[in-house]
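Just so you know, all these numbers are worked out from the coordinates, no wet-lab data involved. Keep in mind the model is a prediction, meaning the values are calculated, not measured. Here the Cβ is made from the backbone with ideal geometry for all residues, glycine too, and neighbour counts use every protein chain on show.
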Amino acid sequence: MAIDAAPAVVVAAVTVPQLRYHAAHDDPQFGAYVLFSVLLVVPLVWRRRFPLWTFAFAAVVALTQWAADVRLAADLALLVYLYTVASRHPMRVAIVAAGVVEVGAVLAAVRWPESGSWAGTGSWAETFLLLSGPVVAALLLGVTARQRREALSAAVQRAAVAERTRIAAEMHDIIAHSLAVMVTLSEGAVRKQAREPQRAGEAMRQVAATGRQALTETRRLLGLLHEAPALDDRLPQPYPVQPRHPQPGLAQLGDLLDQVRSTGLTVESAVTDTADGMPPGAELAVYRIVQEALTNTLKHAIAPCRISVTVTRGPTSVTVDVHDDGASPSARASERISEHAAERTTSRPSERASDGVEGRTKGGHGIVGMRERAAVYAGTVTAGPDPRGGWRVHADLVLPAEAAAR
């Protein structure tokens, strides 16, 4: 409300000296001066809520004032109304409003050409040019304010879309990995149910724990998606906002590997020289690449027994290497994924099941996710059969200069 009242106060302050002058000289039109000034100034309080209506009302008041031969300092309010219309409506509406004010300027210049005598003008044309300058300035200022607001709104929308895309990628990584672990554990429990019921029960309890963890993470991400305030504060949010948790990083790799170990696979890990100075975003990228590589093994590898995970930080980069010893086809093309999106894929299924070959070589959302995460850090990802057997995912991420210097 204070912002809306401020222009009215300023215009009123400009009007007061003129009213005092006419009051001191017992001008018979003093009442008309006061009436027209009030009618021009007071609606400024509502100009932002009703820009077109207040502008139209002020234009009618100004025309009536002109017909009554009353010259007012309060006509300055017309520039404020014009600015408001130009800042809140499309260009064509702003131009029409400016045209209306320009017509008023012509009428005023023709009727009162001496109005511009203080500036050295002697004709109605010169007076019109003098009056047109502020009109054009108000129009341009309003249009500029609208364009800046629209640009800011577009930037906010782009940021929102990017954030939703990031959250969708996070959900894919969480759900795909959790489902792969749960499927592997369930299949193991079915095989051991008759001979080793105790181990089967442990496996199913791990399935439940993994499912609960995935559900918690999914609820947290849905809460982020719906965190924006409701249009009416009295309405409940569609999803309750979950407590914030730090994004996973290298410190959480151990828990991730333990999840995979619970499926019966042997997981060897070596994480070296990564503790100091790595940006949280790079840690998250490394974590998700490792997670997707492990998910790939659980979903597509045939009879894997051992997985090795190595994360090494060099002077300017971080290297991630995930290798499993599952059966591999006799020939298969590898994928090279870089920030330039160079992606070449061929496949010839043999010893692995056809769905495993297709899943590993064509690449679904997981492969795309690894590529995008690596590209953020000018990195590359190579995924394909290892000459020594099994399947290997290798990623190189370039650290920002300030992080590399640490």
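Computed quantities for the displayed model
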item	result
Charge context of E202, other residues only, Cβ under 15 angstrom, K/R +1, D/E -1	+3
Pairwise FRET efficiency - R148 versus T382, Cβ, R0 = 51 Å, nearest 0.05	0.65
Charge dipole (debye, nearest 20) of region 27-161; +1 at Cβ of Lys and Arg, -1 at Cβ of Asp and Glu	860
Global form of region 10-69, assessed from the alpha-carbon gyration tensor, a/c cut-off 1.5	oblate
For I302, residues with placed amide H under 5 Å, excluding near neighbours	A327
Contour minus Cα-Cα distance for V38 and E196 (0.36 nm per residue)	47.7 nm
Sparsely packed trypsin sites (Lys or Arg not before Pro) within region 174-217, loop by DSSP, other Cβ within 10 Å at most 13	R195
Charge sum, other residues only, whose C-beta stays under 12 Å from D27's C-beta, Lys/Arg counted +1 and Asp/Glu -1	+1
Added length on full extension, which subtracts the Cα-Cα distance from 0.36 nm per residue, R48 to A159	37.2 nm
